[in-house]
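Working notes, beginning with the structure itself.
Each reported figure results from applying straightforward, stated rules to the coordinates on display, with no laboratory input. Not measured: the values here are computed from a predicted model. Here Cβ is always computed from backbone atoms with ideal geometry, including for glycine, and neighbour counts include all displayed protein chains.
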Amino acid sequence: MTELIERIGKTSMDSTATFRDILSFAFTILARMFQKKTYSSAMKMVLVNQIYFTSVQILPLFTAISIIFGSLLIGIVFQIIKNMGLAEYLGRILMGLVVTELSPFITVLLIALRSSSAINAEIAVMKVNKELRTLDTFNIDVIDYLFMPRIMNGVVSVVLLSALFSILALTSGMLFSKLIFGMSFNVYTNVLLKSADFYDIVISLIKCCTFGFFITLIPIRSGLHASYDLTSIPVAVLHGMVNVFIAIVLIEVLSLILISI
Amino acid sequence: MLDKELSDFTANKKQTLGLISMDAPLISNLDVWVNIALIKQYHENLPKKTAKNLTLHYLQRYRMEYIADKRNSALTHKERFIVMLLRAAMVKDSIIVLDRPFTIIPDVQDDRFIYDALQLISDSFKECHIFDYMWFKDRYGIINVEKS
């Protein structure tokens, strides 16, 4: 019994320490974001490459998933709305469901699976190979050169890809609105524009930025905690990805609370 | 002992240190030219194109421009040494420190390759210091250790 309580206590303390460490790292990164010296030619080159690998390379797959998944979901939602006689709330439900909830969530899951794991492994490998030490030897700040482009890329990519998902899903909704409600393109567009709430879009934007920030920051921090053994790499990636998914759930819950206020 | 001497020597020279050592490897996910150009791009904010051209100019001195787009794992020992040397020389007012160079180029028997390589970029650094074990003195043509 005592052992169990000790274990619970130790886990709680470790989790609190991890959470505090992540927040501290986050504040350091945020402070650097607004410093001019962070943005060297080298950093900008890395940023462009990161945006290409995260947002541009995934475009075909992401577009296909957005159209297929978005269409299916929109179709199901429309059918439910019709069956429940809630046609007058169509616009609000679409904007609230697709723009504020679905787009950021699906986007962040895809990017977390693809990019967060890659970043985590990359930083851990660089730590094991002493490449981080190389950068320090040559007075290259790892935060400016390595971390900042990846984190900024996370924010930019989640925002842009989430917007793309919303556009594609809402566009596919046009087809279902015609099939299920007999709605014309003009009426559908009118319904959407009238339902577009500035507050929803701001919440969605803040949510995307927060998602993008933490799904890159957490893997970087986890990669840095790798030791100099090769076997520490998969452990670092495992811990990093678990923390990423916990962060996604936490941010989602916090955003729901914010919306309900 | 050697590590301590090296550490003491480099302690106050961080701003101008151009270290060539197995403890400062090339960045494995960057091409050769990026590894070299990174120093100028980061510290002097040199645009990408200018930095790349500068790097290719230096690689041409060794007739090694063909390695510019290769990664670390695709390099031979000598090629890797040259890349590390050029990277070190990119530091402004560089003090090049070679830490046990024969661990980087194990297939080289004596110091001729090292000195020839340094000669080709002698205009790019201020000083050069070599740290190595005493039992390699024959490779450097050193007879009397005290005099050297």
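Just a few scattered comments:
- Of the residues A:Ile93, A:Phe213, A:Val242, the one whose Cα sits farthest toward the positive end of the charge dipole of the protein assembly as shown, with +1 on the Cβ of Lys and Arg and -1 on the Cβ of Asp and Glu, is A:Ile93.
- Percentage of interatomic Cα-Cα distances in region B:22-72 larger than 15 Å: 44
- Set B:Lys4/B:Lys52; B:Lys48/B:Lys137; B:Lys4/B:Lys70; A:Lys207/B:Lys14; A:Lys37/B:Lys126 screened for pairs whose C-alpha atoms are more than 30 Å apart: B:Lys4/B:Lys52; B:Lys48/B:Lys137; B:Lys4/B:Lys70; A:Lys207/B:Lys14
- The helix-based estimate of mean residue ellipticity at 222 nm for the protein assembly as shown, built from -39,500 (n - 2.57) per DSSP H run of four or more residues and divided by its residue count, is -21000 deg cm²/dmol to the nearest 500.
- Rg over Rh [alpha-carbon atoms, Kirkwood Rh] for the protein assembly as shown: 1.11
- With contacts taken as Cα pairs under 8 Å at a separation of at least 6 residues, chain A carries a relative contact order of 30 percent.
- In this simple spin-label model, placing a label point 7 Å from the Cα along the Cα-to-Cβ direction at both A:Ser184 and B:Phe136 gives a separation of 8.3 nm.
- Sequence-distant aspartates and glutamates (8 or more away, or on other chains) whose Cα lies within less than 12 Å of A:Lys36: A:Asp144
- Peptide A:129-141 shows a mean partner chain C-beta count of 6 within 10 Å per residue C-beta.
- Note on chain B: GNM, Cα springs under 10 Å; of B:Asn35, B:Asn72, B:Asn12, the largest mean-square fluctuation is that of B:Asn12.
- Put simply, the C-alpha atoms of region B:64-148 give a gyration tensor, and the ellipsoid matching it has half-axes of 24, 17, 10 Å, longest first.
- Inter-centroid distance (Cα atoms) of region A:55-132 relative to region B:71-95, Å: 43
- Positive minus negative residues near B:Met90 (Lys, Arg vs Asp, Glu; Cβ under 14 Å): +3
- Dipole check for chain A: with +1 at the C-beta of Lys and Arg, -1 at the C-beta of Asp and Glu, and the Cα centre as origin, the magnitude is about 420 Debye.
- Rounded to the nearest Hz, the phi-derived 3J(HN,Hα) couplings of region B:124-133 under the Karplus curve 6.51 cos²θ - 1.76 cosθ + 1.60 (θ = phi - 60°) are 9, 9, 8, 9, 9, 10, 10, 10, 8, 6, where x marks glycine and proline.
- Dipole of region A:108-209, positive direction: furthest Cα of A:Ser117, A:Ser162, A:Leu192, with charges on the beta-carbon: A:Leu192
- With a 10 Å cut-off around each Cβ of B:131-138, the average count of Cβ atoms from other chains is 0.
- B:Lys126 paired with A:Ile257, simple spin-label distance in nm, labels 7 Å along Cα-to-beta-carbon: 5.6
- Counting neighbouring beta carbons within 10 Å and listing from fewest to most, the residues B:Trp33, B:Trp135 come out as B:Trp135, B:Trp33.
- Residue of A:Asp136, A:Asp14, A:Asp229 that the Gaussian network model of chain A assigns the largest fluctuation, springs spanning Cα pairs under 10 Å: A:Asp14
- Computed FRET value (nearest 0.05) for B:Asp69 with A:Thr2, which takes r as the C-beta separation and R₀ as 51 Å: 0.25
- Of interest is the spacing of the C-alpha centroids, which for region A:6-26 and region A:221-255 amounts to 13 Å.
- Fewest-first ranking of B:Cys128, A:Cys209, using other Cβ atoms within 10 Å as the exposure measure: A:Cys209, B:Cys128
- Protection proxy ranking of B:99-109, A:109-119, by the mean of other Cβ atoms within 10 Å over each peptide's residues and highest first, is A:109-119, B:99-109.
- Averaged over the residues of peptide A:42-49, the number of Cβ atoms from other protein chains lying within 10 Å of each residue's Cβ is 4.
- DSSP loop chymotrypsin sites (Phe, Trp or Tyr not before Pro) with at most 12 other Cβ within 10 Å: longest gap in chain A: A:35-227
- Full-stretch length increase - A:Lys36, A:Asp136 - with 0.36 nm per residue and alpha-carbon distance subtracted: 34.0 nm
- Across region A:1-145, C-alpha contacts under 8 Å between residues 6 or more apart give a mean separation that, scaled by the residue count, equals a relative contact order of 37 percent.
- For region A:168-188, the residues whose backbone nitrogen is under 18 Å from a point 7 Å from the Cα of A:Lys194, taken along Cα to Cβ, are A:174, A:177-178, A:181-188.
- Springs join every pair of Cα atoms under 10 Å in this Gaussian network model of chain B, and among B:Ala88, B:Ala117, B:Ala24 the largest mean-square fluctuation is at B:Ala24.
- The simple spin-label model puts a point 7 Å past each Cα toward its Cβ; for B:Tyr115 and A:Asp229 those points are separated by 4.6 nm.
- Local charge for A:Met33 was computed over the other residues whose Cβ lies under 15 Å away, with Lys and Arg +1 and Asp and Glu -1, and equals +3.
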